[in-house]
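Before any comments, here is the structure.
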Amino acid sequence: MLTAYSTRTVAALRTALPLRLALPHLEQVLFLNLEKEIRKDALVIRQAGAAHAAGVPPDRSAVQRLFRETQAIDREFVARVDAFPLRVVIPYGEIEPLRTRRIQCFADAAYRTLESWREKRNLRAAVRAAYSESEFESLAREVLDLYAREVRALSRSVRLPLLLAPLRDSFAAHVLGVMSDVGASLARDLTRGLYGPRRGRISAVTPMGAR
C-alpha cells in the first residue's frame, strides 16, 4: 500500500512545473522515508501478532513503546540522508500525535484482522470479515492521511541547498494536497480490490482515478 502511495505521489508531483527543480533532491528523501515507514509498519504488525497471541489488544502503553522504537528507525534514516546535499530535522512536536494515532489505527486493524484469520485463513477473507466495505475504506483513508501529514511535516524540515531553499515550503504545501488526492484514490482502489470481484493486484503506477 505504501509503495503504491509513494509511487503515485511522486508521479503526480512531477507534473508541478515549479517544483521540478526541488523534486530530484526531495525524491530521494521520499523514497528513503518510504523504506523506513515500511519497516515501522512491519514492527507494528509483529507487535499486533504478539498482542493477539497473548489475547491483549494493543493499548496506549504499547503504542508509546512502538513510537519509541520507530524513533530508532528515524535515527538511521537521518544518518543516511546526511550523505545527500541536504539535511533533515524530524519535528517530533508535530509528528508524534500523527504517528501515534497511525500506529494505534494500524495495530488495531492488524489485531482485528488476526481475530478473523483464525477462522478464514485467508487475508482477503479475513479483512472482509473484520470490516464492512465502508469501514475499510474509511480506515485506509485515515491511515494514508496521517502518513501524508507526517510526510508534509518532514518535507518542511528538509534543509535544501541554498538556491532551492525558497521552494521547500511550497513543496511541502503541495505535497499534502497531492497526497490527500492520491490517498483518497488509493483507498478506493484498495477497497474495490478487496471487496469487489478479483481483478489481480493493484498497480502502483495507475494514474489517480484511472480505470
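The values are calculated or read from the model by the stated rules, or taken from the named source; none is laboratory data. Note that this is a predicted model, so its numbers are computed, not measured. Methodologically, a virtual Cβ is constructed for each residue, glycine included, from the backbone with ideal geometry; neighbour enumeration extends over all protein chains shown.
Checked against (1) out of contact with any strand residue (DSSP E or B) (no Cβ under 6 Å at 6 or more places or on another chain); (2) modelled with pLDDT of 80 or more; (3) of a type in the set (A, V, I, L, M, F, W, C), residue 84 passes all but condition (2). If you filter region 38-77 down to residues that are of a type in the set (Val, Ile, Thr) and in contact with a Lys or Arg (Cβ under 8 Å, 6 or more places away or on another chain), you find that the one that is nearest to residue 150 (Cα to Cα) is 70. In region 122-144, the residues that are of a type in the set (Val, Ile, Thr) reach residues that are assigned to a helix (DSSP H, G or I) and surrounded by 14 or more Cβ atoms within 10 Å (Cβ to Cβ) with C-beta atoms within less than 8 angstrom, at least six apart or across chains, in these pairs: 127/113; 127/116; 127/136; 127/194; 143/102; 143/105; 143/106; 143/109.
Out of all the residues in region 68-107, which are under 30 Å from residue 124 (Cβ atoms) and either under 16 Å from the mean Cα position of the chain (by Cα) or hydroxyl-bearing (Ser, Thr, Tyr) (or both)?
Across region 68-107, the qualifying residues are 70, 73, 98, 99, 100, 101, 102, 103, 104, 105, 106, 107.
Of the set (1) free of Cβ contacts under 8 Å to residues at least 40 places away in the same chain; (2) more than 13 Å from residue 111 (Cβ to Cβ), all apply to residue 50 but (2).
Restricting attention to region 104-121, and to residues there that are without any contact (Cβ under 8 Å) to a residue 12 or more places away in the chain, basic (Lys, Arg) and on the phi < 0 side of the Ramachandran plot, which single residue is surrounded by the fewest Cβ atoms within 10 Å (Cβ to Cβ)?
Residue satisfying both the conditions and the ranking: 118.
The set of residues in region 24-69 being outside any helix (DSSP H, G or I) and of a type in the set (Val, Ile, Thr) consists of 56 alone.
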